[in-house]
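Every number here is computed from the coordinates shown, using simple stated rules; none is lab data. Note that the coordinates shown come from a computational prediction; the quantities given were computed from them, not determined experimentally. Every residue, glycine as well, gets a Cβ built from its backbone with ideal geometry; the counts of neighbours run over all protein chains shown.
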Amino acid sequence: MDIRKFILAAVLIVTGITATFAQGLYKPRGIQQVYKNGLRSPDGRPNEKYFQNKSTHNIRISVAPPNRRVTGSQEIVYKNNSPIALEQLIIRLEANAHAPEAVRESLVETERLTADVVIDEYSENGKVIQWSPQLKYKGVTANAIKLDKPLPPGGSVTLGFKWHYDLSPLSGRDGVVDPTTFYIAYFYPRVAVLDNVNLWDSDPFLLGGHEFYQSFNDYDVEVTVPKNFIVWGTGTLMNVDEVLQPKHAERLKRSFTSDEVINIASLADVKAGTVTAQTPTVTWKWRSENVPDVVYGLSDHYIWDAGSLVVDRKTGRRSSTQAAYDEPSKNFANMVTYIKSALDYSSNDWPGVPYPYPKMTIFRGTADMEAPMMANDSSQEDPKMQHFVAAHEILHTYFPFYMGINERRYGFMEEGWTTAFEYGFNEKRFGKQFADEIFKAYRVGNWLRNTDASADLPIMTPDNAMSGMIQAYGDNKYGKAALGYLALKEMLGDDDFRKGLHGFMNDWNGKHPIPWDMFYSFNTHTGRDLNWFWDAWFFSPGYIDHAIADVKPGQGGTTVKLKNIGGYPAPTNMVVTFTDGSTETIRQGPEIWRTNIKEVEARINVPKTVSTIVLDGGIFMDWNPADNTWPRK
């Protein structure tokens with residue numbers, strides 16, 4: 001062997017073997033240029049050219065139900081950490097999605113529509129100037145404004161806003177839950193994400209399936225409401241003793257260190273006016289650090305429960321668990337217990353990273369929608385379903401919030417991971433039968449039955465190129481992606497899978513990874529070339545369809561030829577019945593397809609005559625079960 005080649009090979013192994021892996025995955029032309037310019041690294045880690053900008057927000061809003069008007073003032077200090085001077089900023093007004101003129105991907109009820117956000121005053125560095133975005137249309141959620149002075153690299157600008165809008169009359173991701181219960185989300189002006197891959201995030205917010213992409217910011221938020229209204233939200237409540245009367249303040253503080261579920265305020269307490277301060281209005285002050293968003297819920301007739309649990313067993317750090325709900329939502333009476341169950345699983349099982357925030361609240365809304373430290377969940381009649389829905393939204397803490405995923409383009413990096421963790425949660429809490437049934441019914445079944453050509457689109461198809469009205473959009477980012485991650489977990493085994501997952505999460509926590517970062521990071525941290533797997537599951541059109549092509553008895557056993565018609569390297573059980581009536585189940589893992597994705601030979605090393613063979617993929621549901629049996633029926 002040429003000694004120079006031997007030394008080079010050794011250097012590659014020591015310094016990061018994935019440098020050689022990075023060439024194997026398809027990259028669109030724009031992504032090719034990103035890597036050519038060294039903006040992203042083939043080892044999947046952030047490099048010296050990575051940057052992200054940040055804002056600090058001071059927000060004050062006032063709302064007085066049943067009046068739907070939200071009035072706010074805000075100061076944003078925005079720092080330019082990019083290497084380029086910025087002559088303009090993209091300002092996002094997400095609530096404009098409710099305007100009748102807004103671009104949207106699906107039909108919406110008339111009751112969900114409101115007028116645009118009104119900017120009453122705008123300033124830069126204290127100087128009031130005319131609010132004059134470049135696009136003069138209504139319903140625009142991302143609009144460019146030209147700065148009074150260019151913002152140099154390393155510089156900061158202070159933006160001031162005074163604004164108001166009317167909350168959507170119909171509750172969904174935000175809006176009016178009932179006449180005196182509001183959920184306030186996507187409510188404040190913000191600077192769009194600027195990254196070194198796609199530059200400004202200017203994708204429209206489409207009411208439907210598409211979600212969000214936001215910077216990691218710091219927030220001080222004041223929410224002013226009439227007395228007897230309780231406010232729940234993202235962050236730490238900074239003025240407990242100012243907003244709550246002593247008895248209820250003491251209960252809340254006690255809950256922060258209690259393993260028990262404590263009722264902070266009953267419906268009778270709220271009706272009696274003994275919970276909040278009795279000044280005409282009460283201002284609730286919240287602080288959050290390094291989070292991509294903040295949301296708030298408020299009501300004058302919601303019950304309030306709280307508790308806490310240790311989320312980091314090494315340090316003893318606890319997180320508060322809180323629930324806010326109306327009396328008819330009976331299963332919410334157990335919600336604090338459900339939250340603790342989900343936080344314990346996510347912190348200690350999968351993803352197995354201690355819950356990173358000081359609090360988690362679930363507010364009874366209608367959307368089943370996650371936000372940092374907060375979820376807006378509907379009421380479920382079945383306790384298991386209530387528990388399951390809560391866990392799913394809580395598991396989103398990690399993807400997309402702990403990891404700054406671009407949900408507008410790559411939803412499979414957040415919904416897919418969350419759905420995979422959700423399966424593990426259901427299996428541990430409720431048993432394999434329940435987990436399998438739920439997964440098949442809600443995550444795989446619709447995809448299996450969908451015969452439209454879009455059903456076979458690669459998972460890597462960017463979300464912003466697909467409409468939420470296309471079923472494949474949801475299938476790609478939920479069930480198909482989750483199956484890919486679960487197949488990867490089986491193929492790697494728990495130890496190596498944890499190395500890859502935690503390596504990726506440690507590399508990109510608080511940052512904005514793109515899919516190639518994730519794939520290459522797993523390659524790096526596992527020390528394995530997984531590109532064949534990434535290519536088959538995420539970049540290639542396909543589905544799950546395995547077939548028994550041939551069975552040949554031989555000395556000491558039987559050889560079975562398996563074909564992969566659909567193209568996905570999914571695992572399956574080969575259930576073998578012998579002529580003596582005995583059976584064997586032989587697991588065929590995803591790795592059998594590594595060297596030949598189309599056809600392999602499997603071995604039954606049992607010296608008996610085979611009577612029947614059946615392939616059973618379990619949650620990896622096969623498109624054509626007819627060719628999964630030998631002999632053919």
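Annotations for the structure displayed:
- Taking the centroid of alpha carbons for each part, segment 372-419 and segment 210-263 are 21 Å apart.
- For segment 137-231: span of alpha carbons on each principal axis (Å, largest first): 47, 31, 26
- Estimated FRET transfer efficiency when R0 is 45 angstrom, pair residue 452-residue 612 (beta carbons, to 0.05): 0.85
- Here segment 262-410 is treated as an ellipsoid with the same Cα gyration tensor; its semi-axes, largest first and in whole Å, are 26, 18, 16.
- Rounded to the nearest 20 debye, the dipole size of the chain about its Cα centre is 1080 debye, using +1 on the Cβ of Lys and Arg and -1 on the Cβ of Asp and Glu.
- Debye-formula intensities of segment 512-564, expressed as log10 I(q)/I(0) at q = 0.28, 0.29 Å⁻¹, are -1.05, -1.08 (one equal scatterer per alpha-carbon, no solvent).
- Count of Lys pairs (Cα-Cα under 22 Å; at least 8 positions apart or interchain) in segment 85-242: 10
- Distribution of pairwise C-alpha distances over segment 228-275, 5 Å bins, in %: 4, 20, 30, 28, 15, 3
- Rounded tilt (10° steps) of 515-526 against the dominant C-alpha axis of the chain: 60
- Segment 517-611: Rg to Rh, with Rh as the Kirkwood radius over Cα pairs: 1.08
- Label separation (residue 253 vs residue 632): 7.7 nm, computed from points 7 Å beyond Cα along the C-beta direction.
- Calculated FRET efficiency for the pair residue 596/residue 289, C-beta based, R₀ 60 Å, to 0.05: 0.75
- Label zone of residue 146 (point 7 Å out along Cα→Cβ, amide N under 11 Å): in segment 70-94 this covers 88.
- Cα gyration tensor of segment 62-124 - equivalent ellipsoid semi-axes, whole Å, descending: 29, 19, 9
- Stretch gain in nm, segment residue 54-residue 26, where the contour uses 0.36 nm per residue and the Cα spacing is subtracted: 6.9 nm
- Among the GluC sites (Glu not before Pro) in segment 71-156, those located in a DSSP loop and surrounded by at most 11 other Cβ atoms within 10 Å of their own Cβ are 109.
- Label separation (residue 128 vs residue 36): 5.1 nm, computed from points 7 Å beyond Cα along the C-beta direction.
- Averaging over all projection directions, the Cα-based convex hull of segment 384-478 occupies 6.1 nm² in the image plane.
- Spherically averaged projected area in nm², based on the convex hull that wraps the Cα atoms of segment 224-331: 7.5
- The chain, Cα convex hull volume normalised per residue, Å³: 178
- Helix-only mean residue ellipticity at 222 nm for the chain, each DSSP H run of n ≥ 4 adding -39500 (n - 2.57), per residue, nearest 500: -7000 deg cm²/dmol
- Sites residue 603 and residue 529, calculated FRET efficiency, Cβ-Cβ separation with R0 30 Å, nearest 0.05: 0.75
- Spatially near lysine pairs across segment 513-633, Cα under 14 Å, sequence gap of 8 or more or different chains: 4
- Across the chain, the relative contact order, built from alpha-carbon pairs under 8 Å that are at least six residues apart, equals 11 percent.
- Segment 221-292: trypsin sites (Lys or Arg not before Pro) in DSSP coil with no more than 15 other Cβ atoms inside 10 Å: 227
- Whole-angstrom Cα spans of segment 557-618 along principal axes, big to small: 35, 22, 16
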